[in-house]
Amino acid sequence: METRGDASVESHARKRKAEDDDDDDLIEDGEEDLEEEEDLEEGVKPVVVMERSKHGDGSLYEDRVDVFRWLFDLGRTTETSMEPMRLTLPTAECVLTSTSACGRHVGGPMPQIFSVKLVKLPTPTPAGPIQLYGFMAIRDLMDQGRRNYVFNRSRDDPFVIADPNSDPFVYLPGPKRGVNMQGRVVLEYDVRIKGVFTDDLSLIDEVAFFSEKTCIDEPATFRISGGRRGGAVHITWARLTRAMEATVQVRIRELLGNGGSGGGLDLCVTGSLTKIAGEEIKLFRGVLDKPCALDRFVIAVPVAVDSDLILHFKAPAAAGGGASSSHHMGDLAFRVAAHGSVTECRRFDLATVEVKVTWSALY
């Protein structure tokens, strides 16, 4: 799905360009960045942003001599054609020592995004639920720098944050396939807030660098700013030195108890890695009124002894409740492997859940 192909998005981009041109007359160079730096929380760093890389004013697509624009082909908006699970089946060169170990495919460097948290709304601040549309995509060098979407919503199908105070997170299914981080990768984003009684607002819009020399096996939080008029998000991620690609497919087989009532089941699915304590991967949040399959999630899991991917299934205790006030339904744990897949079905108190995890190396 190409978000930029929507005619309404193009009209909003033209309007935003005019606004940005007006801002250039009012704001001196560096003043906007200084204002954002003063707002940084302790332990949060600003992302490193590419110069003149906005979509709204067209500066990203200017004819400029820039090695990174050329290296990642930032003028091309096509999605990566590479699929996950490419090496799920062992090759002839694999030397299997057990069902979960492979002498050839031992894992490689991959980034893992744990969360994207809304921390600042644009001005004027919209009232009511926040409806987000647009995209966030990682570009690596495995597929000529094509977009590997971690978030991609059209204006007609926005992601809704019902209560930014209790649950301000943007739940991400993850990239389409695992990301190779042997070197630097870029994060491209153009996320907007859909207006109901007002014009749409820009939340964040630029291209940022993720360095392979930071966040090594330890998550860190960075601030992505939309500037003086825009909003801001905190993105928490880590570069895992040796990791496997886990493709997670979740199917809700049956709704039980209150989950089967007319109001549906407000379901929250998160993940955690046993080798990285204290951080949850925000995967899914939505109301289910019937059995269904959820989005496919792609997660990077460290390769180590006793390394597990744990999936947590929760339901908010009350309408509008955040993840912190959720009823914990149960967990499912999966040990990291180089190849193959495993399926587990579990009957929780509010739903019967079936999970299939398929393991693969990137190369």
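General remarks:
- Taking the listed residues 39, 57, the one that is closer than 22 Å to residue 122 by Cβ, among the charged types (D, E, K, R) and either in contact with a Pro (Cβ under 8 Å, 6 or more places away or on another chain) or at pLDDT below 85 (or both) is 39, with no other qualifying.
- Total residues in the range 128-166 satisfying the condition of being out of contact with any Pro (no Cβ under 8 Å at 6 or more places or on another chain) and not in a strand (DSSP E or B): the figure is 17.
- Annotation: of all residues in the range 94-126 being of a type in the set (A, V, I, L, M) and open to solvent by 20 Å² or more (accessible area, probe 1.4 Å), the one that is modelled with the highest pLDDT is 113.
- Residue count for the range 181-207 under the criterion of being closer than 29 Å to residue 108 by Cβ and surrounded by fewer than 19 Cβ atoms within 10 Å (Cβ to Cβ): the result is 3.
- Boolean, residue 296 is over 19 Å from residue 358 (Cβ atoms) and open to solvent by 20 Å² or more (accessible area, probe 1.4 Å): no
- Which listed residue, of 91, 125, is under 26 Å from residue 198 (Cβ atoms), without any contact (Cβ under 8 Å) to a residue 40 or more places away in the chain and in a loop (DSSP other than H, G, I, E, B): 125
- Within the range 307-349, the set of residues being outside any strand (DSSP E or B), at pLDDT 95 or above and under 22 Å from residue 266 (Cα atoms) comprises just one member, 348.
- So residue 129, is it farther than 18 Å from residue 75 by Cα, buried (at least 17 other Cβ atoms within 10 Å of the Cβ) and not β-branched (Val, Ile, Thr): no
- Number of the condition not met by residue 362 [criteria: (1) in contact with a Gly (Cβ under 6 Å, 6 or more places away or on another chain); (2) at pLDDT 95 or above]: (2)
For (1) free of Cβ contacts under 8 Å to residues at least 40 places away in the same chain; (2) within 22 Å of residue 241 (Cα to Cα), each residue gets a yes or a no:
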{"residue": "110", "(1), (2)": "no, yes"}
{"residue": "119", "(1), (2)": "no, no"}
{"residue": "130", "(1), (2)": "no, no"}
{"residue": "159", "(1), (2)": "yes, no"}
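- For the range 38-74, filtered to residues that are touching a residue at least 60 places away in the same chain (Cβ under 8 Å) and among the β-branched types (Val, Ile, Thr), the residue that is most open to solvent (accessible area, probe 1.4 Å) is 48.
- Test set (1) farther than 21 Å from residue 113 by Cβ; (2) open to solvent by less than 10 Å² (accessible area, probe 1.4 Å); (3) in a strand (DSSP E or B) - residue 227 fails condition number: (3)
- Unique residue being open to solvent by less than 20 Å² (accessible area, probe 1.4 Å), touching a Lys or Arg at 6+ places or on another chain (Cβ under 9 Å) and in contact (Cβ under 8 Å) with a residue 40 or more places away in the chain when the list is 151, 135: 135
- If you go through the range 173-200 and keep only what is at pLDDT 95 or above, outside any strand (DSSP E or B) and of a type in the set (A, V, I, L, M), you end up with 179, 181.
- Residue list for the range 201-215, filter: part of a loop (DSSP other than H, G, I, E, B) and over 24 Å from residue 311 (Cα atoms): 211, 212, 213, 214
- Scanning the range 82-93 for residues that are at pLDDT below 95 and acidic (Asp, Glu) returns a single hit, 93.
The values are calculated or read from the model by the stated rules, or taken from the named source; none is laboratory data. This one's a predicted model, so the numbers in the text were calculated from it and none came from an experiment. Quick reminder, even Gly has a Cβ in these numbers, built from the backbone with ideal geometry, and neighbours come from all protein chains shown. Surface accessibility is based on the protein's heavy atoms, side chains included, excluding ligands, DNA and RNA. Shrake-Rupley method; radii C 1.70, N 1.55, O 1.52, S 1.80 Å.
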